[in-house]
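So that we are looking at the same thing, I have put the structure below in structure tokens.
The values are calculated or read from the model by the stated rules, or taken from the named source; none is laboratory data. The structure displayed is predicted, hence computed values, not measured ones. Backbone-built Cβ (ideal geometry, glycine too); neighbour counts: all protein chains shown. Note: areas computed on protein heavy atoms with side chains; ligands, DNA, RNA excluded. Shrake-Rupley method; radii C 1.70, N 1.55, O 1.52, S 1.80 Å.
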Amino acid sequence: MEWSDLRIFLAIARAGTLGAAARGSGQSQPTMGRRLRALEAAVGHTLFQRTGDGFVLTDEGSALLAHAERIEEEVLAAQRQLAGHDRQLGGTLRIASSDWFGIHLLTPVFAEFAKLQPRVVIELLTDHRLYSLPRREADIAFRITPFREAEVISRRLMHIEYGVYLKSGIKPPRAGDGAGTPLITMDTAFSDVPDAVWLQRKLPNAHVVSRSNNRDVQARMCGQGAGVAVLPRPLGDSIAGVRRIDLGEQPPGRNTYVGYHRDLKRQARLRALLDLVIERLAN
């Protein structure tokens, strides 16, 4: 068995389809299929049942999965340990954060860092997926929830205040009512986040006109006069043509945490970037 084929096997087992596994690994679907057939020939067993809904592990596939995951962890541990001893200020750093945080808070720091350390390439991944630090899907991650992984070193970076925003010139709603007020809020998958719940409580009779899990989309809609939005203040205060309004109390803020794998704590480029981020953003 080749480790490269086991990686293909793990990708398919986790994604459930060849197409999703190919997109996640950057390989073509025919290549993934060919490598899987080669692995099945090598072990002498069918590892997946091909169904209309995707690929389902057979008993033999389930048995191999546990071994493949242990092999993967050993390979990744070796890579992390070697990377952690890298004293050179060069190479690539993969950073994971939410969209608005990466664009409005991290990007200015990264621009400054690029001038100081031009040999370090920063890859910024901005979405709501929780990238795995143990699997080296990212080197540094910024999250609004504390890190639970035992092998991750983390700290609270900053507290972010939120505000209620409305396009300038539009009459603000009355707190406790909100009848006739259009709301711009989170999509249904994130409807339980504290600021969305708070907004619904403060304006119980308002109606939702737009939902999005992207804060920049919410800010743009608010700037166009589509309705009231609760936004992180570093984002909302930067939008031209909107103003912050008072509904009797401030919406709940959020903490942001930064974490990285403990094996990388001595990596020079990671330490240099993290030190600058903390110096510029920590509060």
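Dipole of the chain, Cα-centred, from +1 at each Lys and Arg C-beta and -1 at each Asp and Glu C-beta, to the nearest 20 debye?
Its charge dipole is roughly 760 debye.
Each residue of segment 221-229 in order: what ³J(HN,Hα) in whole Hz does its phi give by Karplus 6.51 cos²θ - 1.76 cosθ + 1.60, θ = phi - 60°, with x for Gly and Pro?
4, 5, x, 7, x, 6, x, 8, 9
A further question follows. Figure the gain on full extension for Arg233 and Asp177 (residue separation times 0.36 nm, minus the Cα-Cα span) and round it to one decimal in nm.
Contour length minus the Cα-Cα distance gives 17.8 nm.
How many angstrom separate the Cα center of segment 102-143 from the Cα center of segment 20-56?
32 Å
Now, a different point. Once you have the Kirkwood Rh of the chain from its Cα pairs, apply Stokes-Einstein at 20 °C and 1.002 mPa s and quote D in µm²/s.
98 µm²/s
Further question on the same structure: If you count only protein heavy atoms with a 1.4 Å probe, what accessible area per residue comes out for the chain, rounded to a whole Å²?
Result: 51 Å² of accessible area for each residue.
Among the trypsin sites (Lys or Arg not before Pro) in segment 66-165, which ones are in a DSSP loop with at most 13 other Cβ atoms within 10 Å of the Cβ? Mind listing them?
Passing sites in segment 66-165 are Arg87, Arg119, Arg129, Arg135, Arg148.
With the cut-off at 23 Å, report for segment 73-216 the share of all Cα pairs above it, as a whole percent.
I get 52 percent for the Cα pairs in segment 73-216 exceeding 23 Å.
Name the residues whose placed amide hydrogens come within less than 5 Å of the amide hydrogen of Leu124, ignoring near sequence neighbours (fewer than 5 apart) on the same chain.
Correct list: Ile95.
Cross-link partners among aspartates and glutamates for Lys171, C-alpha distance below 20 Å, same-chain residues fewer than 8 apart left out?
Result set, ordered by chain and number: Asp237, Asp246, Glu249.
Give the carbon-plus-sulfur fraction of the accessible surface of the chain in %, rounded to a whole number; probe 1.4 Å, heavy atoms of protein chains only.
49 percent
Taking the Cα atoms of segment 144-237, report the difference between the largest and smallest coordinate on each principal axis, in whole Å and largest first.
Between the extreme Cα coordinates on each principal axis of segment 144-237 lie 50, 23, 20 Å.
Would you work out the relative contact order for segment 168-241, in percent, from Cα pairs under 8 angstrom that are 6 or more residues apart?
Normalised by residue count, the contact order of segment 168-241 is 36 percent.
Still on this structure: Could you calculate the contour length gain from Glu279 to Ala78, that is, 0.36 nm times the residue separation minus the distance between their Cα atoms, to one decimal place in nm?
Extra length from Glu279 to Ala78 when fully extended: 69.3 nm.
Enter the per residue convex hull volume of segment 47-138, computed from alpha-carbon coordinates, in Å³ rounded to the nearest integer.
In segment 47-138, the Cα hull volume divided by residue count equals 124 Å³.
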